[in-house]
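S.K.: One structure is given below, represented as structure tokens, and several questions about it will come after.
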Amino acid sequence: MNADNPLWLIVGVVGCFLATAAILSLLFQLYRDRAEETAAEDNSLMNPKVSILGLLIYGILGAAAFFVLAVPLQMPFVGLVAFVGALVIGFFQQEKARREAIFKFEEGLPTLLARWSNDMAGGLSFDRAVQASYADATPLIRQILAAILPKLGEDPVSAFQDAQMRMERRGVRSEAFAMVVAVVSAGARAGKLGPALASVSEALQDVENLKLKVAKESESGRRNVALMMGLGVLIAIAVNVIELPGDEKAAPTVVSQIMFGMSIAMVVGAWIAAYLVSRSKV
């Protein structure tokens, strides 16, 4: 590479990195918004399917990174690692979207159960209370209610159990909803469903409050991880790409490419690990 203007090279490298990060963030935001709209329109039971379009976006960005690293910078191995890393992030983003959907669904359950309990205390039957809550429910909860309502009048217990089994067949497992199904099954047979729903609503609300506390406590840690990831990528690029005046640039070696590739893989792994740790189940 040309070492006559190292400052411009630094600015160009940093600018390309920031522009790629901004484009990736924007594209993912658009993709996530569209996925949420689609989930709200159909009865997918909160299980967003693997999107070929979503993977294609990350694949294109990974291919662009491979071309830049393999051709001008003469580091094909690093380019391959960057391409694979982009695909890994693309797959994980969809898994992350599924997990976030479950978290949002469980956040709304305590309010929903409290409403059912209050409506039943006011004289409504259980099936009427569930039907009345459909219009005001969040899109994710509405997906579950849409699966429950057709069979609710015949057998409420069977309706809830069937919805749970359909969720689990799609790979969506919510411990909070499993607790609701168990309470509905026991309460319906015992004839004390209203008080049971009120009790489980309070218990789930305590769990959600604890989750919120954990998320707030780990927020600064997630920001620090993101900052270290960005700085790590910039440092790796600077060490392997930038030429200083008077230095004779040596061609990349196998060892240097392996070290650079490992730094990229560690950045991707740190980003995934940071999310999984900060979003642990409570």
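The values are calculated or read from the model by the stated rules, or taken from the named source; none is laboratory data. Computed from a predicted structure; not experimentally measured. Neighbour counts run over all protein chains shown; Cβ positions are idealised from the backbone, glycine included. These accessible areas exclude ligands, DNA and RNA; they are computed on the full protein's heavy atoms, side chains included. Shrake-Rupley method; radii C 1.70, N 1.55, O 1.52, S 1.80 Å.
S.K.: Express in nm, to one decimal, how much length is gained between Ser256 and Ala178 on full extension, taking 0.36 nm for each residue of separation and deducting their alpha carbon distance.
M.R.: Numbers: separation 78, 0.36 × 78 = 28.08 nm, distance 5.11 nm.
Here the segment from Ser256 to Ala178 would lengthen by 23.0 nm.
S.K.: Follow-up. Grab the beta carbon distance between Leu55 and Glu168, set R0 = 30 Å, and tell me the FRET efficiency rounded to 0.05.
M.R.: On the way: r = 25 Å, r/R0 = 0.83.
After rounding to 0.05, the efficiency reads 0.75.
S.K.: Suppose each label sits 7 Å from its Cα in the direction of the beta carbon; what would the Leu276-Asn118 distance come out to in nanometres?
M.R.: 4.1 nm
S.K.: Once you put a point 7 Å from the Cα of Ser185 and another 7 Å from the Cα of Glu95, both along the Cβ direction, what distance in nm separates them?
M.R.: About 2.9 nm, to one decimal.
S.K.: Could you give the size of the charge dipole of region 103-210 about its Cα centre, using +1 on the Cβ of each K and R and -1 on the Cβ of each D and E, expressed in debye and rounded to the nearest 20?
M.R.: I would put it at about 280 debye.
S.K.: If amide H atoms are built 1.01 Å from N in the plane of the peptide, which residues on other chains or at least 5 residues away come under 5 Å of the amide H of Met75?
M.R.: The list, which skips near neighbours in sequence, is Ala70.
S.K.: Moving on to the next point. In whole Å, what are the Cα extents of region 103-210 along the three principal axes, biggest one first?
M.R.: Rounded to whole Å, the extents work out to 35, 33, 27 Å.
S.K.: If I ignore ligands, DNA and RNA and count only protein heavy atoms, how much of Met165 is accessible to a 1.4 Å probe, in Å² to the nearest 10?
M.R.: 90 Å²
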